[in-house]
Amino acid sequence: MKNKLIIKSKNIVRTFYSGKIETPVLKGVDFSAKEGEFVSIMGRSGAGKSTLIFQLSLLDVPNEGEIIVDGVNILKLSKNEKTKFRREEMGYVFQDYALVPELTALENVALPLLMQGHSTAHAYKKSKEILIELGFDIQINNLPSQLSGGEQQRVSIGRAIVHKPKILFADEPTANLDATSARVVIDLLKKLNKEGQTIIMVTHEEEYGKETNRIVEVIDGEIPEISKIKTKNPKPSVGQRKRIVKKKVSKTKSKIKKPVINKLKVSVKKKKVVKVMKKK
Ligand SMILES: Nc1ncnc2c1ncn2[C@@H]1O[C@H](COP(=O)(O)OP(=O)(O)OP(=O)(O)O)[C@@H](O)[C@H]1O
Ligand SMILES: [Mg+2]
């Protein structure tokens, strides 16, 4: 992993509007990842993980915020430039594989290169190499329906990396797989990461999250400071530690105060009652 930030986003806000209904989903998210880093995004269902990954990867556009990918302010690009950037610099893996059902494994993997204007010969040669590297043999000419779930996901990983993207985004890549196939997919992603691929993965599996460089937790559309330090090497910076201490102390203070005040009130009341009774 290098020290250079490959992606840095600031104050991402995404609110969905449907008629008069307003759904605020991302409420000012800051997120960054280093080149060569493997980051897991975790959090409850509905917390905004997919929405976040969609904004970071140009599949959607936030209402507010800034996203810099390898020095490019991607939200400032024109529509055509965004499409080009997405095709050339981003790779995507989804929970449901999202392969084109009418095309073979080989043709699916070749698609990004063909869309970038590479020659058919080059695209198929590269795709075949990738598929063989991913453990495929004769199945490269199978349709997705003729492949197992795990195999389909491996094809979709092939499609995501064939054009050597700057960042590979994976949204719950193991969610539809049995434990064995999920293991194969995670090991494959780890191997790609070791070779230098930056990966940002949404997962519900803490077991897999712990195998990545860092876990970032999305809580109700935000990434709280404390969630940014769940790393394998978990020593936070001095500033982060100070902020955590401050937060903990202020929370403890507010917890302590209430019961003490209540107890005093009760005891005062009790005394009064006793006194009144004695007088009688
Ligand atoms: N296009 C949309 N219009 C309105 N609301 C949306 C839209 N997309 C997402 N949401 C809402 O935003 C919230 C976050 O959705 P998101 O898919 O990001 O959650 P998630 O954290 O990925 O959840 P899961 O773990 O279940 O995949 C949800 O309440 C969802 O209903
Ligand atoms: Mg999701």
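The values are calculated or read from the model by the stated rules, or taken from the named source; none is laboratory data. The model shown is predicted, which means the values in this text are computed figures rather than measured ones. For neighbour counting, all protein chains shown are included, and Cβ atoms are generated from backbone atoms with ideal geometry for every residue, glycine included.
Things to note:
- Residue selected from the stretch 151-181 under the condition more than 16 Å from ligand 1 (Cβ to nearest atom) and more than 29 Å from residue 5 (Cβ to Cβ), by the criterion nearest to the chain's Cα centre (by Cα): 154
- The residue that is surrounded by the most Cβ atoms within 10 Å (Cβ to Cβ), among those in the stretch 60-115 that are touching a Ser or Thr at 6+ places or on another chain (Cβ under 7 Å) and farther than 30 Å from residue 138 by Cα, is 67.
- Failed criterion for residue 92 (all others in (1) within 13 Å of ligand 1 (Cβ to nearest atom); (2) within 21 Å of residue 216 (Cβ to Cβ) hold): (1)
- Residue that is nearest to ligand 1 (Cβ to nearest atom) [pool: residues in the stretch 189-210 that are more than 15 Å from the chain's Cα centre (by Cα) and more than 19 Å from residue 56 (Cβ to Cβ)]: 207
- Test for residue 31: is it out of contact with any His (no Cβ under 6 Å at 6 or more places or on another chain), assigned by TED's automatic domain parsing to the domain that holds residue 168, within 16 Å of ligand 2 (Cβ to nearest atom) and more than 19 Å from residue 200 (Cβ to Cβ): no
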